[in-house]
1. Please go through segment B:116-133 and pick out each residue that is touching a strand residue (DSSP E or B) at 6+ places or on another chain (Cβ under 6 Å) and crowded, with 18+ Cβ neighbours inside 10 Å.
2. Let me confirm something: among A:315, A:368, A:404, which residue is closer than 22 Å to residue B:158 by Cβ and over 24 Å from the mean Cα position of the chain (by Cα)?
3. So how many residues does segment A:57-96 have that are in contact (Cβ under 8 Å) with a residue 60 or more places away in the chain and facing chain B (nearest Cβ under 9 Å)?
4. Inside segment A:75-102, can you point out the residues that are outside any strand (DSSP E or B), touching a helix residue (DSSP H, G or I) at 6+ places or on another chain (Cβ under 9 Å) and surrounded by 14 or more Cβ atoms within 10 Å (Cβ to Cβ)?
5. Output the number of residues of segment B:1-16 satisfying the condition of being over 25 Å from residue B:258 (Cα atoms), loosely packed, with under 14 Cβ neighbours inside 10 Å and in contact (Cβ under 8 Å) with a residue 40 or more places away in the chain.
6. All but one of (1) on the phi > 0 side of the Ramachandran plot; (2) surrounded by fewer than 24 Cβ atoms within 10 Å (Cβ to Cβ) hold for residue B:188; state the number of the condition that does not hold.
7. Look through A:136, A:108, A:143, A:162 and report the one residue that is within 21 Å of residue A:52 (Cβ to Cβ) and either in contact with a helix residue (DSSP H, G or I) (Cβ under 6 Å, 6 or more places away or on another chain) or buried (at least 19 other Cβ atoms within 10 Å of the Cβ) (or both).
8. Residues being out of contact with any strand residue (DSSP E or B) (no Cβ under 8 Å at 6 or more places or on another chain), within 7 Å of another protein chain (Cβ to nearest Cβ) and at pLDDT below 95: count how many of those fall in segment A:196-220.
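The values are calculated or read from the model by the stated rules, or taken from the named source; none is laboratory data. Bear in mind that the values here come from a model prediction, so they are computed numbers and not experimental data. Cβ placement follows ideal geometry from the backbone for every residue including glycine, while neighbour counts extend to all protein chains displayed.
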């Protein structure tokens, strides 16, 4: 019996970064660019904003005209009118002011805005009951970005703030890294399409596929489904070779027997160089995971048990998709803090992912392990997230504070 | 000057839950159901699995036939063949076994599987070097779900594990709550479409719209854009009335002047009963937020400054979309722990959202505040997430451990 050579999860992430590269770039409309990563540096083609703007409703004026004014001895300024929104501001002379709305343009001669609450109108005059400093309540020309400033760097992941920033620069399209097309195969003679109503003894519905396609979509990939492969090596090779020509990454799921696993591993060796990189990962659930690079494209062989398959795809499949999309795989994972409800044992030298339910009762947030075999999807559906026990630990004690990564 | 009546953020969430209801339901293909919430209870129409399955590669047998066997004195069993994957298992007699692969069916008479590693083949006989207990290495019929068991409850949010679970039950479509269509208007005479290349003095590009449409999509809504409204009350009312007939929720963004805000508030009062619910929120940035219920549909008036608008939409806009989609607004927000790099002051009685960059340097994770006015989108693009300072605090000190909600 050949022992499985297992690789540490951190090492697998390093392999992912060193063996695969972000895909080529394409131009995309800004409205569709959310979630993509920039494939170019962005410089501001103009000042943002391109004029001095008021941040309040008030009167634009020269700050020095208010110096010394107070509740008791207000400064008096002549109001020459209103700055219409979206229009150039009129000129003012010393001792004059004009009404400006939030976001409105300041006259060339004004360097501050006094809030309307600090003034009172008397005919054509405005009483200023407070002094304002130069620059007060003003966003200056180029304050957000100066013409020529670097607005965003190549590789930056485009979230809502970046989309807004690019829109403020008037950029209707940007260059981004293409997101991967990922091909999926299910494997195993026992599998039938999940929508089949009546099963024969020994048959199992392919429950992984729709779940994996959804996870791939969540990670931003375009998923393609290649069907269920029977346990025949020639079929494996032929089908996956033709699929690999049309996708950027390939995923096998379903087969949990040693035989199916062997077909997958042999297929990976045949599909392209350098072939198999990882034969197993020191992680639970999900140890019997295969990862290959076939001509620069990642090929992932998921473990057969549904919980293991989803766990592994969420950790490593999504990391591969991120890498191909040009997205950095963050080491910081957001989590919620909770008190562990009971002892959990764990084998040292292996990273354990424990399914937990998170319950809030009387101020305390509790993490309650959901036990069950890795074949049981119900246990994962009952769990709110996963508690990670690092390889160096031999378990956790009831009452310990733990970090739970929620499964969205 | 009328003072703004501000509502506590927690109170706003309560208002959202009490004034709005999940939308009606629709049938959806399971492959499209990820992210939706169930509008029906799901019961298992059959046992999952529907036969006893092996969890390993090994020999199916009656456990009692191995009792007492050991490395030195192995039990001898006659192997009558192999269980083909996806096929019914043959019958075995006492003293017999058959080869079974992971996921394969057990013979009716077998109650355990011995792992192949613990056996040796000698002709038609198998030596078992270990004893196995009844049930060992077996998933029993109905162990994941028994026929008639409740698999998932109405309201359950469908993530990948749930999609897999429903697929294992053979459910090709499910009843879910419809996701909201959300209509967006930009307001303000100073705004022009973001794709316009050359601006006149006083004009500003509508940078909020593409960012908000992306956020709405991330929350699962179907966004519709109604264009930029000029500062005319009649136009506001007419346009938003006809939009509201076709959507489930309406959002105004852009106008930051008191005038525009007044038009929005008046429009909300006219559009339907009960009208305005929230005139301001004790939150920074984002205080001048309006929320109304018009005939059961939420109407949200965002503050004008871009950072405030995105912040408010992310917190309350997405909470409204969740509510309409039937998704629970979780009180537990995943975060990363970091050490605050400097003191931050905050006004007591107001919840502050501080933009921070998260940097990892030599084991320590640091949260570095990004300062800048709420008009400056660049500051939000530079930030990895938000640090929340609760209303009861008057600031945070350098060196404190803080929780950062990452902005994805």
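1. Hits for segment B:116-133 are B:116, B:119, B:126, B:128, B:132.
2. Values: A:315 fails: over 24 Å from the mean Cα position of the chain (by Cα); A:404 fails: over 24 Å from the mean Cα position of the chain (by Cα).
Selected residue: A:368, the only one of A:315, A:368, A:404 that is closer than 22 Å to residue B:158 by Cβ and over 24 Å from the mean Cα position of the chain (by Cα).
3. 0
4. Keep residues of segment A:75-102 that are outside any strand (DSSP E or B), which gives A:83-95, A:101-102.
Okay, now just the ones that are also touching a helix residue (DSSP H, G or I) at 6+ places or on another chain (Cβ under 9 Å), so A:85, A:94-95, A:101-102.
Answer for segment A:75-102, where residues must be outside any strand (DSSP E or B), touching a helix residue (DSSP H, G or I) at 6+ places or on another chain (Cβ under 9 Å) and surrounded by 14 or more Cβ atoms within 10 Å (Cβ to Cβ): A:85, A:101, A:102.
5. Residues flagged as over 25 Å from residue B:258 (Cα atoms), loosely packed, with under 14 Cβ neighbours inside 10 Å and in contact (Cβ under 8 Å) with a residue 40 or more places away in the chain within segment B:1-16 amount to 0.
6. (2)
7. Numbers: A:136 fails: either in contact with a helix residue (DSSP H, G or I) (Cβ under 6 Å, 6 or more places away or on another chain) or buried (at least 19 other Cβ atoms within 10 Å of the Cβ) (or both); A:108 fails: either in contact with a helix residue (DSSP H, G or I) (Cβ under 6 Å, 6 or more places away or on another chain) or buried (at least 19 other Cβ atoms within 10 Å of the Cβ) (or both); A:162 fails: within 21 Å of residue A:52 (Cβ to Cβ).
Result: A:143 is the single residue among A:136, A:108, A:143, A:162 that is within 21 Å of residue A:52 (Cβ to Cβ) and either in contact with a helix residue (DSSP H, G or I) (Cβ under 6 Å, 6 or more places away or on another chain) or buried (at least 19 other Cβ atoms within 10 Å of the Cβ) (or both).
8. 2
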